[in-house]
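Throughout, read-outs are computed from the coordinates displayed, never taken from laboratory work. Keep in mind it's a predicted model, so treat the numbers as computed, not measured. Neighbour counts are summed over all protein chains in view; Cβ atoms, including those assigned to glycine, are modelled from backbone coordinates with ideal geometry.
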Amino acid sequence: MQSVEVLRIKPEGSKAEPDLVVVEEPLEIRVGHGAEGSREQVSLSVTMRTPGDDELLSLGFLFAEGIINSYDEVSSVKPCHDLGKQEEIGNVMRVELQPEVKFDIRKFTRNFPTNSSCGVCGKTSIDSVRSNAKIPLDQGVTFSFDILKGLHGSLQSTQEVFKHTGGVHACGLFDQQGKIIAHKEDVGRHNALDKLIGAQLLNDELPIYSNGLILSGRISFELVQKAVRAGILVIAGVGAPSSLAVDLAKEFKVTLVGFLKEDGYNIYTGKQRIEV
C-alpha cells in the first residue's frame, strides 16, 4: 500500500487528509527452457499486479495456460536480479522449466501481454481450454443454500488490503462448511486467481474437486477457464457472469453462481450441486 494525500469533499466542507492506495506495478514473466547447454529464455507475459506472491502468480499463470501440469516440471522460479533497468528490478520473474519439459512458443497462437483489469482479453481460444482442461464431472460435491449466501461476508473478512484501500479484487477457496481455506488479493482479478492456483500447485493440491471458488466481482470467461483448468466445479461470484463464462461453465458442467448476496443469488449452470 502507498500513502497519498487526498482532498475529501463532504457537505460540511473539504479537508486534505492522507489516504492509502493499492500499489500497481508491471510484472514480466520469463520462461527458461531447453536441454542443458542450450537453454533459451522467452518473455511470456507482462501483467499489472499488486507486488507480492509473484512466485505464485507466475506458477498459476503457467499452469492455467497449460505450459506446466505440475510443480515437478519447474526447476526454479525466482526474481531476476541481473537487470539493466532500475525500474525492472523486483518486477521480473523467471521460471526455469526442467530440461525434459517440451516448450514451443509457436504453439501458443495468442499474444500474452496482459493488464490487470481484463487479463488476456480476446486472445484465448475455446479450443485451447478444451485441450488443457480434462476434469472428472462426477465428483458429487454439493453446497447448501445457506453456505453459499454467507460466502460474500466471509471473503470480505479476509480482505486486509481492500479494507485499507478499496482497490483490489479477491478470490478464495471454500469448503463444504463455508469456511474460506485459502485466499488471495490483487489489483487484477485474474492475477488474484493465478496466485491462488499457484499456491495450490506449489502445495501439490491440484486438481481442486471438493472445494468451491468465490470471486469478489464479475465472472469473466477467463476466470472460468482458469477455474476449470484447476478442477474447480463450483464458482460463485458477487457480480454477473459474461455470456462466454456461462457457455464455458455449461460445456464443462461446472456450477456457476452470480449476484451472490446474503439474501440470495442466481444459478446459471450446474444447479444439481446446490441444495436449494
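Sparse packing (at most 10 other Cβ atoms within 10 Å of the Cβ) combined with a DSSP loop state is found for the following GluC sites (Glu not before Pro) in segment 12-105: E12, E36, E100.
Estimated translational diffusion coefficient (Stokes-Einstein, Kirkwood radius over Cα pairs, 25 °C, 0.890 mPa s) of segment 143-275: 171 µm² per second. Peptides 13-21, 42-50 ranked from most to least packed, by the mean per-residue count of other Cβ atoms within 10 Å: 42-50, 13-21. Note on segment 207-249: semi-axes of the ellipsoid equivalent to its C-alpha gyration tensor, largest first and rounded to whole Å, are 16, 12, 7. When peptides 182-191, 252-261 are ranked by their average number of other Cβ atoms within 10 Å per residue, the highest-first order is 182-191, 252-261. Using the Kirkwood radius built from alpha carbon pairs, what does the Stokes-Einstein equation give as D for segment 1-65 at 37 °C and 0.692 mPa s, in µm² per second? Taking Rh from Cα pairs, D becomes 214 µm²/s. Packing-based ranking of 153-159, 224-230 yields 224-230, 153-159, ordered from highest to lowest mean Cβ neighbour count within 10 Å. Whole angstrom only: what separates the Cα centroid of segment 232-263 from the Cα centroid of segment 3-49? Taking the Cα centre of each part, segment 232-263 and segment 3-49 sit 28 Å apart.
Relative to the compact-globule estimate of 2.2 N^0.38 Å, the Cα radius of gyration of segment 212-276 comes out at 0.96.
In a fully extended conformation the segment linking V6 and S243 would gain 81.5 nm over its present Cα-Cα distance, using 0.36 nm per residue.
For segment 143-275, give the share of DSSP beta bridges that are antiparallel, in percent and rounded to the nearest 5; count only bridges with both residues there. Don't jump to the answer; show the numbers that get you there.
Numbers: 14 of 23 bridges.
Counting only bridges with both partners in segment 143-275, antiparallel ones make up about 60 percent.
Counting Lys +1, Arg +1, Asp -1, Glu -1, what net charge surrounds V77 among other residues with beta carbon under 14 Å of its beta carbon? Local charge sum for V77: -4.
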